[in-house]
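The values are calculated or read from the model by the stated rules, or taken from the named source; none is laboratory data. Everything numeric in this text was worked out from a predicted model, so none of it was measured. When we count neighbours, we look across all protein chains shown, and the Cβ atoms used for this are built from the backbone with ideal geometry, even at glycine.
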Amino acid sequence: MITVGNITVDEDIASAPFACDLKKCHGACCTMAGGRGAPLEDSEVEQIMKAVPIAKEYLSKEHLAVLESDGCVEGEAGDYTTVCVDNRACVFVYYSEGIARCSIEKAYLDGKLGFRKPISCHLYPIRVAEFDKQRIYYQRISECSPGRSKGKRDGTPLYEFLREPLIRKYGEQWYLEFVSKCRAAASGLDLPEASENR
């Protein structure tokens, strides 16, 4: 384990290669079966609600119908998620050239929103768990194998690929210490293809 401030970091993050390859995965992390959407921090719920009127401009009739009937958020404090369509795609998903994309992020990139997207989505495939103290870990899923291959091919470590969301979540000083410790932990190691597990 690596400790940065009061955050525990799984060591495999230090040596894992990763860089999203949307042309091959087609945004699979936004459309996985399971019935629950993106995990939300309690503080994000209000921002999600405020994003709906703008984000829905990009959505299909099917997703708009689910928004109308089921809303955009479900759960309770400490366990909120976005709503899913047919137990798969997040209700905020729209499709562009066969790739599942986030309508909230699209509105942000178009300059219509100040909130980019839930931090759990921005950080993926890093996940945050709450125990005695916060722990971050790398969630390996088969759908992300193109990202592991691209990261290995390009020589991109996971911790560098996720620089922006990690700084968004924990701040720049934390991130600089995190990178330093990751590099020290991975010193002398190649960036191997991680084994699949779910």
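The numbered conditions (1) in contact with a strand residue (DSSP E or B) (Cβ under 7 Å, 6 or more places away or on another chain); (2) closer than 12 Å to ALA16 by Cβ; (3) modelled with pLDDT of 90 or more; (4) not aromatic (Phe, Trp, Tyr) are all true for SER120 except (2). Of everything listed in (1) assigned to a helix (DSSP H, G or I); (2) in contact with a Pro (Cβ under 7 Å, 6 or more places away or on another chain), the single unmet condition for VAL52 is (2).
In region 67-96, the residues that are in contact (Cβ under 8 Å) with a residue 12 or more places away in the chain form Cβ pairs under 9 Å with partners that are assigned to a strand (DSSP E or B) and basic (Lys, Arg), at six or more places apart or across chains, as follows: VAL93/ARG101; TYR94/ARG101; TYR95/ARG101. ARG88 fulfils the conditions (1) at pLDDT below 95; (2) under 30 Å from GLU177 (Cα atoms) except for a single criterion, (2). None of LYS23, LYS56, LYS61 is over 16 Å from the mean Cα position of the chain (by Cα), exposed (fewer than 15 other Cβ atoms within 10 Å of the Cβ) and touching a residue at least 12 places away in the same chain (Cβ under 8 Å) except LYS23. The set of residues in region 106-124 that are farther than 19 Å from TYR95 by Cβ and among the aromatic types (Phe, Trp, Tyr) contains only PHE115.
Of all residues in region 126-141, none are within 11 Å of CYS25 (Cβ to Cβ), modelled with pLDDT of 95 or more and out of contact with any Pro (no Cβ under 7 Å at 6 or more places or on another chain).
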